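Notes follow the structure.
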Amino acid sequence: MKFGAVLEELHRSESALYAELLQLSQRYLAEHEVHYVARDLSQWSRDHVARLADVAVDYGQTLDSEISDPRASKHAREESHRAAFGVDNPSGLALLWDLRSIYMAAGGVSMQWTMLSQGAQAAHKADLLTVIETCQPQTMRHMSWAQAQIKSLSAQIVVS
């Protein structure tokens, strides 16, 4: 069985999604919906990382329960004032690109949850299914939020 390898990759992907969400939050301080929601969603990914680390022990993996990437730490250095307020990007397209990146990253993580779910169901791994039932819907919420933001902002940004 390859559960350990799948858990390790999912842990890596959730950690990266956490960092990307936190950076998005820091980059768009003036966009309150983006700033606060991205920060809150990043905490879900941080929780997923901890849950994966807990369950991975039973599958021969030792994964960090805390995210060690210094760029993603609570005290990460914020973007410059100009970047945070969009001065370097008056068109707003960077925000759309960043939201697209979040959507795509969350989609990949969601697919990894699906792969793990299918394997866990086939092997009757109740411990994994419990984690999946909590984490996968939250990851899908990451995607739907990013998509909703893109839909909401695109007309204004692209037409202006």
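What follows is calculated from the coordinates using simple rules that are stated; it is not laboratory data. Computed from a predicted structure; not experimentally measured. Cβ: placed from backbone, ideal geometry, glycine included. Neighbour counts: every protein chain shown.
For the chain, the longest principal axis of the C-alpha atoms and the axis of helix 32-56 are separated by about 20°. Subtracting the Cα-Cα distance of Met115 and Ser154 from 0.36 nm times their residue separation leaves 10.8 nm of extension gain. Site pair Glu66 and Glu133 shows an inter-label distance of 3.1 nm when each label is modelled 7 Å from Cα along Cα→Cβ. Seen against the Cα atoms of the chain and their longest principal axis, helix 126-159 is set at about 20 degrees.
Computed from the C-beta positions of Met1 and Ser144, the FRET efficiency with R₀ = 30 Å rounds to 0.40. Between helix 93-122 and the chain there is an angle of about 10 degrees, using the helix long axis and the longest principal axis of the Cα atoms. Only one item in (i) 21.8, 74; (ii) 16.9, 54; (iii) 17.6, 55 matches Rg and Dmax of the Cα atoms in Å derived from the coordinates shown, and that item is (ii).
Helix content alone sets the calculated 222 nm mean residue ellipticity of the chain: runs of n ≥ 4 DSSP H residues at -39500 (n - 2.57) each, divided across all residues, give -26000 deg cm²/dmol.
Label-to-label distance, Ala30 versus Met104, with points set 7 angstrom from Cα along the beta-carbon direction: 2.6 nm. Placing +1 on each Lys and Arg Cβ and -1 on each Asp and Glu Cβ, with no other charges, gives the chain a dipole about its Cα centre of roughly 300 debye.
Think of the chain as having a plus end and a minus end, set by charges on the Cβ of Lys, Arg, Asp and Glu; of Gln147, Gly108, Thr130, Gln147 sits farthest toward the positive end of this dipole.
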